[in-house]
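Working notes for the structure below.
Each value in this text was obtained by applying a stated rule to the coordinates, not by laboratory testing. Quick caveat, the model's predicted, so the values are computed rather than measured. Positions of Cβ are generated from backbone atoms using ideal geometry, with glycine treated the same way; all protein chains shown enter the neighbour counts.
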């Protein structure tokens with residue numbers, strides 16, 4: 001994948017604008033610099049989303065997760081797809097739609113990889129809603145709400161590129177390819 005290239009004015013001299021070509025700050029996801037950025041993001045402390053602004057940074061998040069009731073089955077999600085309770089899908093108020101993320105139940109250590117296809121949860125201190133299948137994998141069906149850490153793996157950017165997030169730091173190349181496959185699947 002080629003980096004995004006743009007021409008920007010560097011200075012104006014005698015009424016003439018001098019421009020230079022620069023590469024975007026977003027490295028190709030399979031590059032060593034992308035892996036280094038993912039490791040840097042993973043070393044940062046988790047954030048607790050405080051607004052509904054979309055976060056393209058790839059930083060890990062910490063908060064509470066809940067899961068969809070089965071009565072929500074087949075309702076339309078934010079991306080236009082129908083909700084499938086058996087899918088590896090989640091809702092986030094701040095991660096971009098199409099992101100893949102690793103969700104870890106902080107009480108049990110159990111983890112699952114999900115694709116963000118919906119918006120929510122809009123309850124206070126909640127960072128994510130997951131499908132019932134994912135809730136079972138995270139061992140959260142009895143409690144309903146559990147503390148989680150959400151580590152974005154692949155994060156779509158506004159310019160159409162993708163970048164690696166904090167969750168990519170600990171993945172093998174094969175696991176990263178699988179996360180990429182999940183991110184591009186419908």
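Considering only alpha-carbon pairs that sit under 8 angstrom and 6 or more positions apart, the relative contact order computed for the stretch 27-184 is 31 percent. Label positions at residue 84 and residue 145, each projected 7 Å from the Cα along the C-beta direction, are separated by 3.0 nm.
Each pair of Cα atoms in the stretch 27-184 enters the Kirkwood radius, and Stokes-Einstein at 10 °C and 1.306 mPa s then converts it into a translational diffusion coefficient of 104 µm²/s. The separation of the stretch 53-101 from the stretch 121-144, counted between C-alpha centres, amounts to 10 Å.
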